[in-house]
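Shown next, in structure tokens, is the structure this report addresses.
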Amino acid sequence: MSGQTSVLVVANETLVGSELVSAVKRRADAGPIRVVVVAPVTQPREGYVVYRDSRRSAAGRRLERTLAALREAGVPAHGGVFDDDPLTAVKDVLASEDIDEIIVSTHPETKSGWLRKNLVEEIRRAAGERPVEHVVVDTAARTAANVLVVANETVLGESLLDRIRARAREGSASFLIVCPQSDPTRAEHPDAERRLRAALSTLRAEGIDIHGQVAHPDPFTAAMQAVEDERTDEIIVSTFPGERSGWLRQDLVGRLRSKSGIPVEHVVSETEPAEVSS
């Protein structure tokens, strides 16, 4: 369309922020635009065996909500989830599409890995003469909570599944299940992956916003890395009872409460969950 400006929007965890949608609407009020949204998949720090499908699904759900909000506001918009790092994704789009302006959305400085990596300035350099607007989205101010769930052999225990269901009913929440690796010397973890996939499938079928990943073999390290990588408001730790639990012998719950500064709830699974077939 003649006179229409192409605006590239770059965001992932902040895609659903009202500040970002408002910034795009303000730009649309100044003249006709079409929007291309790039949602790079969040990459965890080294040490994770990532459940890429879950990360892509979470990014995809945020992308679809944002596109729907923009279209509802009368702004033509399309986009995609990118496996590349955000700077590479931006460069690829700039090389393949006619982009006039760029809007980059991040968490506030204290929470933003993108800002720690100086991403906005890197994008400004890649943009050349194109204007680049930086929008800060404080997702911590939202009513939706991010709940970290730490579990491995008990991830399919009814006690844990019921607690996640109950927490979802208590108020808007998004869940991340971290399953520490059982054997750090192996590249593949089929048992942990089967259990995790089964738990995710069960809860997603009930409409719960949840994703997960197999993580560092030490549960304390896995949990703290997740807290550092993503905003976390609450932690749920699932273990076997008493002496059956190596995690309890390591005082995992107490250590997480002390180190994270985040509310930590302990759920006990009394019985061994049924094995999941491949």
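The values are calculated or read from the model by the stated rules, or taken from the named source; none is laboratory data. The structure displayed is predicted, hence computed values, not measured ones. For neighbour counting, all protein chains shown are included, and Cβ atoms are generated from backbone atoms with ideal geometry for every residue, glycine included.
The helices (runs of 4 or more DSSP H) found wholly in segment 167-261 and carrying at least 3 residues that are in contact with a helix residue (DSSP H, G or I) (Cβ under 8 Å, 6 or more places away or on another chain) and closer than 25 Å to Glu64 by Cα occupy 190-204.
With the requirement that a residue be at pLDDT below 90 and part of a loop (DSSP other than H, G, I, E, B), what does segment 142-161 give you? If you could, list the steps in order and put the result at the bottom.
We begin by selecting, within segment 142-161, every residue at pLDDT below 90; these are 142-146.
Listed by number, the residues that qualify are Arg142, Thr143, Ala144.
Ala226: in contact with a Lys or Arg (Cβ under 8 Å, 6 or more places away or on another chain), under 20 Å from Val267 (Cβ atoms) and of a type in the set (Gly, Ala, Ser), yes or no?
Working: in contact with a Lys or Arg (Cβ under 8 Å, 6 or more places away or on another chain): no; under 20 Å from Val267 (Cβ atoms): yes; of a type in the set (Gly, Ala, Ser): yes.
So Ala226 does not fit the description; no.
For segment 180-198, check the following and say yes or no: at least one residue is closer than 14 Å to Val147 by Cα and either assigned by TED's automatic domain parsing to the domain that holds Trp114 or of a type outside the set (Phe, Trp, Tyr) (or both). No, segment 180-198 contains no residue that is closer than 14 Å to Val147 by Cα and either assigned by TED's automatic domain parsing to the domain that holds Trp114 or of a type outside the set (Phe, Trp, Tyr) (or both). Taking segment 7-24 as the range and being in a helix (DSSP H, G or I) and in contact with a helix residue (DSSP H, G or I) (Cβ under 8 Å, 6 or more places away or on another chain) as the test, the residues that pass are Leu20, Val21, Val24.
Matching residues to (1) over 30 Å from Asp218 (Cα atoms); (2) at pLDDT 90 or above; (3) of a type in the set (Val, Ile, Thr); (4) not assigned by TED's automatic domain parsing to the domain that holds Gly207:
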| position | (1), (2), (3), (4) |
| --- | --- |
| Lys25 | yes, yes, no, yes |
| Pro32 | yes, yes, no, yes |
| Val36 | yes, yes, yes, yes |
| Arg45 | no, no, no, yes |
| Val49 | no, no, yes, yes |
| Thr66 | yes, no, yes, yes |
| Val75 | yes, yes, yes, yes |
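Please specify each residue of segment 199-221 satisfying the condition of being among the aliphatic types (A, V, I, L, M), crowded, with 17+ Cβ neighbours inside 10 Å and at pLDDT 90 or above. Steps first, answer last, please.
Kept after step one, since they are among the aliphatic types (A, V, I, L, M), are these residues of segment 199-221: 199-200, 203, 205, 208, 210, 214-215.
The next check asks that each one be crowded, with 17+ Cβ neighbours inside 10 Å; those that pass are 199-200, 203, 208, 210, 214-215.
Residues satisfying the conditions are Ala199, Leu200, Leu203, Ile208.
Scanning segment 26-43 for residues that are more than 22 Å from the chain's Cα centre (by Cα), surrounded by 15 or more Cβ atoms within 10 Å (Cβ to Cβ), without any contact (Cβ under 8 Å) to a residue 60 or more places away in the chain and not in a strand (DSSP E or B) turns up just one, Ala28.
Of the residues making up segment 101-141, those that are under 19 Å from Val227 (Cβ atoms), basic (Lys, Arg) and not in a helix (DSSP H, G or I) are Lys111, Lys117. In this structure, Ile164 does not satisfy being in contact with a Phe, Trp or Tyr (Cβ under 7 Å, 6 or more places away or on another chain), at pLDDT 85 or above and more than 25 Å from Asp251 (Cα to Cα). Of all residues in segment 127-149, those satisfying the criterion of being buried (at least 16 other Cβ atoms within 10 Å of the Cβ) and over 18 Å from the mean Cα position of the chain (by Cα) are Ala127, Arg130, Val132, Glu133, His134, Val135. With respect to the conditions (1) more than 16 Å from Glu133 (Cα to Cα); (2) part of a strand (DSSP E or B); (3) within 18 Å of the chain's Cα centre (by Cα), His78 falls short on a single one, namely (3).
Taken over segment 81-95, residues that are out of contact with any Pro (no Cβ under 9 Å at 6 or more places or on another chain) and surrounded by fewer than 14 Cβ atoms within 10 Å (Cβ to Cβ) amount to 2.
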